[in-house]
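Below is one structure, written out as C-alpha cells; comments come after it.
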Amino acid sequence: MDFQKLADLYEELEHTSSGNKMREILAEFFKKVPEDDIAVISYLTLGQITSDYEGVVLGMAEKSVLKAIGKAAGTDESRVKKTMQELGDAGLTAEKLLQKKPQTLVPVGKLTVKELFEKLHKITDTTGTGSQEEKINILVNLLQKASPKGAKYIIRITLGTLRMGAGDMTVLDALAMAYTGDKKNKEVLEKAYNICPDVGIISETLAKKGLKAIEKIDVHVGRPIKMMLAQRVESLAEVAEKIPGRWGVEAKYDGERMQVHKSKDKISIFSRRMENITAQFPDVVKYLQEHVSGKEYVIEGEILAIDKDGKPLHFQVLMQRKRKTDIEEYVKKVPVQLKLFDLLYYNGKSFLHESYETRTNQLAKMVNVGKHITLADRIMTDDPREVEKFFQKMLKEKQEGIMIKSMDSEYQAGTRGWNWIKWKKEYHTETTDTFDLVIVGAFYGKGKRSGTYGALLCACYNDKDDTFETVTKLGTGLTDEMLEELPKKLKRHLVDHKPARVIISDIKPEVWFEPAVVVEVLAAEITKSPSHALGLALRFPRFIKLREDKKAEQATTSKEIKQMYKDK
Ligand code: ATP
C-alpha cells in the first residue's frame with residue numbers, strides 16, 4: 001500500500017474529535033488494506049513499529065531529526081531551527097520545508113508502507129560508530145520519497161510523538177467492524193489480545209484466517225500475557241458475598257509485579273506494562289535457574305527489596321533497581337526477593353483455565369525455596385476471622401495488605417474481576433481512597449507556579465466505551481520538584497486539540513494532552529458533579545505519585561468509581 005494513503009488517513013484522524021467517528025474512519029480504512037499490510041498498518045496507527053513488549057524504541061534525538069529535515073529539504077540548519085521555533089513541532093517543520101524539495105530522482109508519493117516500516121526498523125537496528133549519520137541518511141531518503149504531508153507523519157513516528165488519539169482498544173474495535181461486520185466481536189478480539197497483546201498478530205490472524213483462528217490464540221512462552229487484577233471492597237465482610245467458598249489469602253506485597261517466561265534456553269521477565277525488564281535483574285534470572293524447575297514455564301510474583309535479614313524494604317528502595325547502567329553495582333547494593341504466587345503455563349500446557357488451586361499446587365512443586373526466591377505467604381480458609389487475623393499479621397510484617405483469591409477461579413488475563421479482591425491498610429484505617437488517573441489537560445500556574453502548570457485535569461478510563469472521562473482537577477500535593485518535572489514529562493503528549501477519546505463536561509483545560517501519564521491521587525470523598533464528564537467528582541484530591549508502571553488504559557475505571565460512590 002502507498003504510504004500516502006496512510007498519511008491521508010492520519011490527517012483525517014487528526015481532525016476528528018469523536019472516538020466513535022475515529023473508529024468508523026479506521027474501520028473503513030482497514031477494509032481497503034491488503035491483508036499483508038494490516039499488521040504493519042496496525043502498529044503504525046499506534047505510532048509503533050512493533051508491539052510494546054519487544055522493547056523497540058524509535059525515539060531518534062530531535063537534533064538528528066532536524067538535521068535530516070534540513071538535508072532532505074536542501075536547506076541549512078539555521079533555517080530548520082528557525083522554522084522549528086516558529087511552529088513548535090518537528091513534523092510541521094518538515095511539512096513546511098519540504099514543500100519545495102530539491103530535484104531528486106525519486107518520484108514523490110512512491111513510498112510504500114512496507115518500505116517505511118522496514119526502514120524505520122533499520123533506523124533502530126543501526127548501532128555503533130557512525131550510526132547517527134547512517135540513521136540520518138535513512139531518514140533523509142524516506143523524507144525525499146514522501147509528500148510534505150507524509151513527511152510530517154514520518155517525523156512524528158520517528159520521534160515517537162504521533163499522538164493520533166487511537167489506543168489499542170480503538171484499533172481492536174475498528175478491526176472487528178472491518179473484518180467481521182459486527183462491533184460486538186471486539187470482545188473476542190480483546191480476549192485474544194489479553195493473551196497475545198500484539199495488534200500485529202491479532203490483525204493479521206483476523207484478516208487472513210478469521211475469527212475462529214483468533215479464538216484459538218493461546219499462551220506463547222516469551223510473549224507476555226496481560227496480568228489479572230483485583231477488585232476492592234468496602235469492608236472485609238463483603239468478601240464472602242463476592243467470593244463464595246474457600247479462599248486463598250495471600251500477602252499483598254508493595255513491590256513490582258513480574259511475569260517470568262522460561263523457554264528451553266532463555267528466561268525473560270516482563271513488567272506490569274509488559275516491558276521486558278530482564279536486563280535489570282540478572283540476579284533474579286540466576287535465582288530462577290537455580291530454584292525453579294521446569295523446561296518451560298510462565299509464572300508470576302512480586303519482587304521486593306530486602307535487607308540483610310530478608311525483611312522487606314520500602315518500594316522506593318526497589319525503584320533504585322530500575323536502571324540501565326551500573327546494574328551489577330545495584331544488584332549488590334539492593335538485594336531482592338521474588339515472592340511467587342501464580343503459574344500460567346508449564347511444560348507445553350496452558351494453565352490459564354485451571355483453577356487457582358491447581359495452578360498454585362503445581363507452582364509449589366516447582367519451587368525450591370531460598371532466601372531470594374520463595375512462595376507468597378498464604379493461608380487457605382473460608383473463615384472471615386482467619387482472614388482478619390492474617391491481615392493483622394501482614395501489617396505487622398510491614399506488607400501492604402492482603403489479596404483474597406477464589407480457590408476455583410481461572411486466571412482471567414487482563415481482567416479486574418471479582419475472583420481476586422485486595423484489602424489494604426489504608427482501607428482499614430482511613431476513609432480516603434486512592435485512584436490512578438490519567439492527565440488529559442492542564443491549567444497554567446499563577447504566582448508561585450507561573451511558568452509551570454498550576455493544576456491538572458484528570459480522567460478515569462471508561463473501559464466499555466474506550467474513553468477517558470474527566471473526574472477531578474488536581475492542584476494539591478505537587479512538590480516543587482514535581483512541578484518542574486511535569487511539563488517535561490507531559491511535553492511529548494501535548495496536542496493542540498481535545499483528543500478524540502477524552503470526554504469533558506463544563507471544566508475545560510487550557511492545554512490538552514494525549515492520555516498517557518498516570519498519577520496516583522488520594523481523595524477524601526466522591527460527590528455528584530455536572531462539571532466532570534463522569535458525573536461524579538473526587539473531592540479534596542491530593543497528588544501522591546506518578547504511576548510510571550501504568551499505561552493510560554490501566555487507570556482506575558469509571559465503573560470502579562461509580563461502584564465506590566454507590567457503596568458509600
Ligand atoms: P494497587 O495500586 O493497589 O497496587 P493496582 O491497580 O496496581 O493497585 P491491583 O489489581 O489492585 O493493581 O493489585 C494487584 C497488584 O498487587 C499486582 O499488580 C501486584 O503488583 C501486587 N501484588 C502484591 N502481592 C500480590 C499477590 N499476592 N497477588 C497478586 N498481586 C499482588
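Equivalent-ellipsoid semi-axes (√(5λ), Cα gyration tensor) for segment 118-172, whole Å, largest first?
Details: eigenvalues 115, 46, 14 Å².
Semi-axes, largest first: 24, 15, 8 Å.
Report the gain in length on full extension from LYS21 to LYS562: 0.36 nm times residue separation, minus Cα-Cα distance, nm rounded to one decimal. Don't skip to the answer; put the middle values down first.
Values: separation 541, 0.36 × 541 = 194.76 nm, distance 2.63 nm.
That pair, LYS21 and LYS562, stretches by 192.1 nm at full extension.
Which of the peptides 509-516, 369-376 is most tightly packed, and how do the rest follow, judged by the mean count of other Cβ atoms within 10 Å per residue?
Those peptides, ordered most packed to least, come out 509-516, 369-376.
How much length would be gained if the chain were fully extended between LYS396 and ASP218, taking 0.36 nm per residue of separation minus their Cα-Cα distance, in nm to one decimal? Mind showing how you got there, number by number?
Working: separation 178, 0.36 × 178 = 64.08 nm, distance 4.09 nm.
Gain in length upon complete extension: 60.0 nm.
Just to be sure I understand the curve: with the Debye formula and one point per C-alpha of segment 14-90, what is log10 I(q)/I(0) at q = 0.19, 0.26 Å⁻¹?
-0.95, -1.08
Given a 1.4 angstrom probe, what's the average accessible area per residue across the chain, in square angstrom? Numbers along the way, then the final one.
Details: 25410 Å² over 568 residues.
About 45 Å² of surface per residue is accessible.
Report the Stokes-Einstein translational diffusion coefficient (µm² s⁻¹, integer) for segment 229-429, Rh taken as the Kirkwood radius over Cα pairs, at 4 °C with viscosity 1.567 mPa s.
Values: Rh = 17.4 Å.
Result for D is 74 µm²/s.
Test of understanding: what is the full-extension gain from LYS508 to SER293, defined as 0.36 nm times their sequence separation minus their Cα-Cα distance?
Working: separation 215, 0.36 × 215 = 77.40 nm, distance 5.54 nm.
Here the answer is 71.9 nm.
Taking 10 °C and 1.306 mPa s as the conditions, I'd like the Stokes-Einstein D for segment 3-159 in µm²/s, using the Kirkwood hydrodynamic radius from alpha carbon pairs.
Using the Kirkwood radius from Cα pairs, D works out to 98 µm²/s.
Using +1 at the Cβ of each Lys and Arg and -1 at the Cβ of each Asp and Glu in the chain, identify which of GLY130, ALA151, ALA279 lies farthest towards the dipole's positive end.
Looking along the dipole axis, the top candidate is GLY130.
Just the projected area, averaged over all directions, of the convex hull on the alpha carbon atoms of the chain: how many nm²? List each step's numbers first, then the result.
Working: hull surface 108.4 nm².
Taking the Cα atoms of the chain, their convex hull projects to 27.1 nm² on average.
If each of GLU328 and GLU241 carries a label point 7 Å out from its Cα toward its Cβ, how far apart are those two points in nm?
That separation, rounded to one decimal, is 5.7 nm.
With N denoting the number of residues in segment 458-498, provide Rg(C-alpha) divided by 2.2 N^0.38 Å, to two decimal places.
Values: Rg = 13.0 Å, N = 41, 2.2 N^0.38 = 9.0 Å.
The value comes to 1.44.
Please list, in order, the residues from segment 550-568 whose amide nitrogen is less than 15 Å from a point placed 7 Å along the Cα→Cβ vector of GLU525.
565-566, 568
Express the Stokes-Einstein translational diffusion coefficient of segment 183-288 in µm² s⁻¹, to the nearest whole number, given a Kirkwood radius over alpha-carbon pairs, 37 °C and a viscosity of 0.692 mPa s. Working shown, then result.
Working: Rh = 16.8 Å.
The estimated diffusion coefficient comes to 196 µm²/s.
In whole Å, largest first, what are the principal axis extents of the Cα atoms in segment 433-566?
Per principal axis, max minus min of the Cα coordinates gives 39, 30, 30 Å.
With all protein chains present, how much of the accessible area of the chain (probe radius 1.4 Å) comes from carbon and sulfur, to the nearest whole percent? Don't skip to the answer; put the middle values down first.
Values: 12490 of 25410 Å².
Looking at the chain in its full context, I get 49 percent from C and S.
The values are calculated or read from the model by the stated rules, or taken from the named source; none is laboratory data. Because the structure is a prediction, the values reported are computed rather than measured. Using ideal geometry, Cβ is built from the backbone for each residue, glycine included, and neighbour counts are taken over all protein chains shown. Just the protein is used for accessible areas: all its heavy atoms, side chains included, with ligands, DNA and RNA removed. Shrake-Rupley method; radii C 1.70, N 1.55, O 1.52, S 1.80 Å.
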